[in-house]
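Values in this text are rule-based calculations from the coordinates and carry no lab data. Keep in mind the model is a prediction, meaning the values are calculated, not measured. Using ideal geometry, Cβ is built from the backbone for each residue, glycine included, and neighbour counts are taken over all protein chains shown.
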Amino acid sequence: MGAAGRASDKMSRLEHFWFRSVDSRRYALLRAGFGTAVLISLLDQWSHRYELYTAGGIADNAAIQSGLSWLAWFSVFESPQAVNALFVCFALSAAALIVGFWSRASMLMVFVWLQASALQVAPAFTGWDALLRCVGFILLLSPLGESWSVDAWCLRRAGKEPSSYSPVYGLYLVQWQIAIMYWVTAFLKLGDSYWRSGEFASYFFMSMFSTIPSSEFASWAALSTTLTYASLATELSLPLLLWFRRSRVLGFLLGAALHLGIAATSILYVFSVATLALYPAFLDDKDLETIDRWIKKLARSNHS
C-alpha cells in the first residue's frame, strides 16, 4: 500500500471513530439529563435571584459590561421584573430541552443562561456551572437526539420520519469532559494535606457546607479516614469504570453513591445532580437495547 493509500486508510479510521452512527436515543437521554440539571440549578437560585441578579443586589452589574457583553444579559435587564421574566424564559427553555421541543433553539437559550449567570455571579457557584458550560458548548455543536422528543412527534405529524441514528462525536467529548473533571479534581485533592491525612471528611462535616454541622465529627477519625480515601478512590476510578461495559453498572452505582451522599449531607446538591444527569453519555447501544427490553418486560408484567 502506497503513502496515499495509508493516508486514506488513516483518514477513514479517524472518520469512523468520530462520525460512526449510534442510536440517537443516547443523545436524547443526555439532552434530557442536561436540561434537568440546568432547570434544577436555575430553580435553586430562584429564591436568591434579586440578591444575585438585580442592580440592587450583591453583584456590580456595570463591572461585567466590559466582558462578553452580548451574553451579559443581567447588566441590561437588571430590574426585579426583568430578572423574573428572564428566569421564567430560561426555565421554559430548559423544560423545552428536556422534552425535545425546538431542541436547537432551546439549547441555545440554555447556553446563553449558563454564560450570562456565570458572568454575573460566578463566585456564588460551586463548580457545577463550569461543568454545565463546557458540556453545554459541546451539545450546542452536537446532535440532540430526535428520538423521544416533541420534535420527533411533530416530524411524524408532518409525514417525515425522525432520524434514529446520530454521529457519535458529541458523546465522546462529553465523556472526556466528565473524566477530566473527576481526574483533575482528584489530583488537586491529592495536593491538599487534609485529604492526604484522611481528615478532610471531619472538617467538611463541621463546616458551613454541611447540612448536619457538628463538632462531634472531630472525634470520628476512623470514619473520616474511610470516607476521605473512599471518595478519592471513587473519583479516580469512575471514568474507567464508566467507559468499559463490564464495569459500567458498578460505575453507575459508585457514582450514584458518591453524589447522592454529597447531596444528602451537604448544601452542594446541585453539583451532584448536574454530574449524575450527564451519566447517560456513557451508555452504549447495547445498554439501550437492554433497558428497552426491561421496560417492555415490565410493561407486559403490569398488563398481565
Quiz item: Say R0 is 35 Å: what FRET efficiency, to the nearest 0.05, do residue 92 and residue 253 get from their beta-carbon distance?
Solution: 0.55
Quiz item: Where the centroid of each part is defined by its Cα atoms, how far is segment 254-304 from segment 183-222 in Å?
Solution: 27
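Per the Kirkwood treatment, what hydrodynamic radius in Å, one decimal, follows for the chain from the mean inverse distance over all distinct Cα pairs? Each step should come with its number before you reach the end.
Working: mean 1/r = 0.0462 Å⁻¹.
Across the chain, the inverse of the average 1/r is 21.7 Å.
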Exercise. May I ask you to derive the FRET efficiency for residue 164 and residue 211 from their Cβ-Cβ distance with R0 = 51 Å, giving the value to the nearest 0.05?
Key: 0.70
Quiz prompt | Segment residue 43-residue 300, length gained on full extension (0.36 nm per residue, minus Cα span) | solution = 88.8 nm
Quiz item: Label point 7 Å out from residue 240 along Cα-to-Cβ: which residues of segment 251-281 have amide N under 18 Å?
Solution: 251-255
Quiz item: What is the extension gain from residue 172 to residue 233, computed as 0.36 nm multiplied by their sequence separation minus the C-alpha to C-alpha distance, in nm to one decimal?
Solution: 19.6 nm
